[in-house]
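Encoded as structure tokens, the structure appears first; notes follow it.
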Amino acid sequence: MLIERPEANAGTTGREREMKDIIIVGGGYVGLSVAVAVKKAAPHLEIELMEAAPEHVWQKDERASAIIAAAINMLKTLELWDDIKDDAQPINDMIVTDSKTGEPVKPVFLTFADRAATNEPFAYMIPNVSMVRALRQKADELGITIRHGAAVTAFENNGGHAKITLAGGEEIATRLVVACDGVRSRLRYMAGIKTVKFDYGQSGIVTTVAHERPHNGRAEEHFLPAGPFAILPLKGNRSSLVWTERTDDAKRLVESDDMVFEVELERRFGHHLGKLELAGGRRAFPLGLTLSRAFIAPRLALAGDAAHGIHPISGQGLNLGFKDVAALAETIVEADRMGLDIGAMDTLERYQSWRRFDTVRMGMTTDVLNRLFSNDIGPLRVARDFGLGVVDRMPGLKRYFIEEAAGRTMHDKPKLLAGEPL
């Protein structure tokens with residue numbers, strides 16, 4: 001469909017402002033990345049980002065995220081990596097254990113000690129604050145407007161354009177709305193997009209610890225009866241923890257005093273890195289599976305957690321969002337260059353077909369892994385430990401899993417994930 005650009009104020013009411021090309025709802029990593037990727041390749045497009053949270057909330061985020069090699073390619077291509085790399089800790093190797101809580105020795109069943117084919121780490125641990133800071137600085141350089149405290153209360157498709165309404169009553173017309181407003185996306189609900197949802201009855205406790213001995217860039221995944229306990233290396237003698245527990249137990253642990261929390265932490269962490277000390281706050285997040293039945297609607301595209309929420313057992317949640325960014329940005333930019341309507345359904349269908357299969361596959365994979373390993377059933381434990389041992393003894397299969405984890409086996413890879421500019 002060829003685009004006919006509307007007049008600046010055509011079809012607007014007194015409360016509407018000038019037509020925008022793209023409105024992005026949600027100012028986290030995914031929303032900012034979409035804005036930066038599109039604006040860098042198509043600087044003439046008018047992009048505005050709506051963030052419901054106050055301006056400086058992101059600076060209080062103590063968490064860190066595992067970012068795979070393919071997503072690092074995108075950060076480098078968008079000229080963000082130089083502002084992030086000094087805070088990034090490469091994951092040089094990984095071990096997987098399967099044991100009971102409190103066991104003094106955790107037998108290792110699987111190791112990923114080799115680097116990926118390019119001799120680069122298959123992932124880096126990056127503080128969330130560092131990543132958001134770099135994205136916001138780049139957005140400012142590119143002239144992208146970020147509006148804080150801008151909660152969207154209504155979405156309407158008017159055929160040739162969409163319209164959003166903000167909490168104060170202001171209405172904004174746009175050719176395309178990109179919803180990056182989280183797993184409980186209001187835009188998704190407003191557009192009538194259904195989801196497949198499952199609550200695991202688990203919560204993920206996230207915190208940071210300091211330890212006496214260096215981790216040497218090693219990540220650890222300990223499968224325990226209540227769920228996986230991941231130790232992820234940060235710069236210095238520090239590690240980020242993603243600790244899965246049943247929801248009631250997680251709530252009790254988060255609300256307990258430091259001594260109780262540290263005792264339970266040490267039972268799971270062990271003593272191999274020496275004395276432990278809490279180095280940050282602790283929070284618990286409910287865990288479940290949420291998959292949108294559609295990633296698009298007329299004049300609307302979902303990206304990141306608005307399209308999918310998965311278990312953190314594989315560390316792929318944010319990386320799925322970055323894959324969305326790369327595919328959606330390429331779809332928008334190529335359509336614009338061909339003179340097509342960037343918000344038309346036939347344009348957006350390419351994005352949906354590009355991302356839906358990979359997302360469903362990853363969602364199902366994490367679901368099966370969580371069900372398989374989050375229990376203490378004897379025969380099942382024997383079977384899964386045998387399977388891990390078999391993989392560990394097959395270099396070719398293990399290499400495939402490393403490449404898969406790094407995002408290098410993705411079919412029809414978007415340009416940004418391959419390190420190519422749009």
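The values are calculated or read from the model by the stated rules, or taken from the named source; none is laboratory data. Everything numeric in this text was worked out from a predicted model, so none of it was measured. Because the Cβ atoms are built from the backbone with ideal geometry, glycine has one as well, and the counts that use them run over all protein chains shown.
Things worth noting here:
- Sole exception among (1) in contact with a helix residue (DSSP H, G or I) (Cβ under 9 Å, 6 or more places away or on another chain); (2) modelled with pLDDT of 90 or more; (3) in a loop (DSSP other than H, G, I, E, B) for LEU49, by number: (3)
- Cβ separations smaller than 6 Å between residues 6+ apart or across chains give the following pairs from the stretch 90-105 residues that are more than 18 Å from ARG238 (Cβ to Cβ) to residues that are modelled with pLDDT of 80 or more and of a type in the set (Asp, Glu): ILE95/GLU220; VAL96/GLU221.
- Listed by first and then second residue, the pairs linking a residue in the stretch 256-276 that is under 19 Å from ASP98 (Cβ atoms) to a residue that is among the polar types (S, T, N, Q), with Cβ atoms under 8 Å apart and 6 or more places separating them unless they lie on different chains, are ARG267/THR101; ARG268/THR101.
- The stretch 304-318, subset under 17 Å from VAL178 (Cα atoms) and within 8 Å of the chain's Cα centre (by Cα), residue surrounded by the fewest Cβ atoms within 10 Å (Cβ to Cβ): LEU318
- Residues within the stretch 228-237 that are in contact with an Asp or Glu (Cβ under 9 Å, 6 or more places away or on another chain) and part of a loop (DSSP other than H, G, I, E, B), tallied: 2
- Number of the exception - LYS197 against (1) in contact with a Gly (Cβ under 7 Å, 6 or more places away or on another chain); (2) closer than 18 Å to ARG293 by Cβ; (3) crowded, with 23+ Cβ neighbours inside 10 Å; (4) among the basic types (Lys, Arg): (3)
- Consider the stretch 83-101 and keep the residues that are of a type outside the set (Lys, Arg) and assigned to a helix (DSSP H, G or I). The one that is farthest from GLY280 (Cα to Cα) is ASP83.
- Counting only residues that are at pLDDT below 95 and buried (at least 22 other Cβ atoms within 10 Å of the Cβ), the stretch 15-28 holds 2 of them.
- Qualifying residue in the stretch 322-332 (condition: out of contact with any His (no Cβ under 7 Å at 6 or more places or on another chain), on the phi > 0 side of the Ramachandran plot and crowded, with 24+ Cβ neighbours inside 10 Å): no
- Contact map, the stretch 149-166: first residue assigned to a strand (DSSP E or B), second residue hydroxyl-bearing (Ser, Thr, Tyr) and surrounded by 15 or more Cβ atoms within 10 Å (Cβ to Cβ), Cβ cut-off under 6 Å, separation 6 or more or different chains; pairs are THR153/THR165; ALA154/THR165; ALA162/THR174.
- So ARG213, is it under 20 Å from the mean Cα position of the chain (by Cα), more than 30 Å from ASP82 (Cβ to Cβ) and surrounded by fewer than 21 Cβ atoms within 10 Å (Cβ to Cβ): no
- If only residues of the stretch 200-221 that are in a strand (DSSP E or B) and touching a Pro at 6+ places or on another chain (Cβ under 7 Å) are counted, the one that is farthest from ARG293 (Cα to Cα) is ARG218.
- Filter pass, SER130 being among the small types (Gly, Ala, Ser), buried (at least 21 other Cβ atoms within 10 Å of the Cβ) and under 25 Å from VAL242 (Cβ atoms): no
- When residues in the stretch 59-82 are screened for being in a helix (DSSP H, G or I), of a type outside the set (Gly, Ala, Ser) and in contact with a strand residue (DSSP E or B) (Cβ under 9 Å, 6 or more places away or on another chain), 2 of them pass.
- Test: residue in the stretch 250-273 that is within 21 Å of ILE310 (Cβ to Cβ) and of a type outside the set (Val, Ile, Thr): yes
- Residue selected from the stretch 344-382 under the condition in a helix (DSSP H, G or I), touching a residue at least 24 places away in the same chain (Cβ under 8 Å) and of a type in the set (D, E, K, R), by the criterion nearest to LYS100 (Cα to Cα): ARG381
- SER203, sole failed condition from (1) out of contact with any Phe, Trp or Tyr (no Cβ under 8 Å at 6 or more places or on another chain); (2) under 22 Å from GLY28 (Cβ atoms): (1)
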